[in-house]
1. Starting from the Cα of Asp138, step 7 Å toward the Cβ, then list every residue of region 15-58 with an amide N under 20 Å from that point.
2. Gly45's amide H: which non-local residues (gap 5+, or another chain) put their own amide H closer than 5 Å, with H modeled 1.01 Å from N in plane and none for Pro or chain starts?
3. Taking the DSSP beta bridges in region 24-146 as the whole, what percent of them are antiparallel, to the nearest 5?
4. Going by accessible area, probe 1.4 Å, with all protein chains left in place, what is the ranking of Met193, Met163, largest first?
5. Show that you can apply the helix-only estimate: for the chain, add -39,500 (n - 2.57) for every DSSP H stretch of four or more residues, divide by all residues, and state [θ] at 222 nm to the nearest 500.
6. Quick check for you: with a 1.4 Å probe and neighbouring chains kept, what is the accessible area per residue of region 156-225, in Å²?
7. Take the solvent-accessible surface of the protein heavy atoms, probe 1.4 Å, and return the percent of it on region 24-146 that carbon and sulfur atoms account for.
8. Using protein chains only and a probe of 1.4 angstrom, how many square angstrom of Lys202 are accessible, to the nearest 10?
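The values are calculated or read from the model by the stated rules, or taken from the named source; none is laboratory data. These numbers come from a predicted model, not from an experiment. Note: ideal-geometry Cβ built from the backbone for every residue, glycine included; neighbour counts use all protein chains shown. Each accessible area value is taken on the protein alone, full model and side chains, heavy atoms only, with ligands, DNA and RNA left out. Shrake-Rupley method; radii C 1.70, N 1.55, O 1.52, S 1.80 Å.
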Amino acid sequence: MAAVFFQDEDDIPRRVPKLGDVTLADIPPEIGLFPLSGVVLLPRGRLPLNVFEPRYIALVEDALATQRLIGMIQPRWREDEDEANSAPPLYPIGCLGRIVSFTERADGTYAITLAGLTRFRLLRETEETRGYRQARIDVSTFAGDLNEIPSAPFDREKLLGSMRRYFQKKGLQARWSLLEQMDDDILLVTLPMICPFPPAEKQALLDAEDLTDRVRVLQTLLDLSGPEQEGPPS
């Protein structure tokens with residue numbers, strides 16, 4: 001009887017590297033873009049998205065069929081810009097996300113979650129594909145995003161206190177017990193993503209050189225939000 005050999009699952013080549021094993025060499029020079037105002041994805045962050053426009057459904061389908069990568073980037077509206085413009089100018093820096101979960105609904109729309117990998121610099125847009133925008137990108141400037149580089153020590157209590165006052169002023173709720181238990185570096189990814197800052201301020205947080213610089217920008221934005229309302233934080 002002929003011998004039967006079973007291939008170990010660890011020997012089966014992957015189409016994409018594990019999330020923690022991604023290197024600059026794994027990132028393609030051209031990606032599909034998902035422009036979304038007031039929303040930023042940060043490296044090591046998680047961003048849930050509801051995808052319902054046909055062009056972005058096509059983007060998700062194409063991403064799932066290849067490396068599962070999508071470029072999140074903000075439109076850059078000018079005062080004289082028509083917000084109905086389907087191809088507004090874009091900020092020069094975005095963040096590359098990988099689809100780590102998705103659900104297809106009965107109506108053909110998707111619920112997906114992106115994991116932030118690294119920021120990218122937009123070099124130039126290329127020809128649209130199936131209705132969505134594409135661009136040549138450069139990630140070499142942000143090689144550090146793929147590594148665990150901790151922030152310098154910072155005043156955590158001051159930052160969370162400013163955050164509480166900001167949320168109170170805006171009438172927002174937060175799971176403070178969960179935030180207080182987060183490690184510093186996870187906290188510095190989570191807070192900028194959940195704060196409802198205007199697009200330009202969100203972009204300033206994305207543009208921050210590293211986690212230490214992000215603390216400075218975040219603290220400044222929270223302090224500029226104005227005095228707290230009367231009464232204890234919610």
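1. From region 15-58, the list is 23-33.
2. Gly116
3. Details: 31 of 34 bridges.
Once the DSSP bridges in region 24-146 are tallied, antiparallel ones form about 90 percent.
4. Reading off the accessible areas and sorting them downward yields Met193, Met163.
5. So the helix-based figure for the chain works out to -8500 deg cm²/dmol.
6. 49 Å²
7. Values: 2770 of 5770 Å².
Roughly 48 percent, rounded to a whole number.
8. The accessible area of Lys202 comes to roughly 0 Å².
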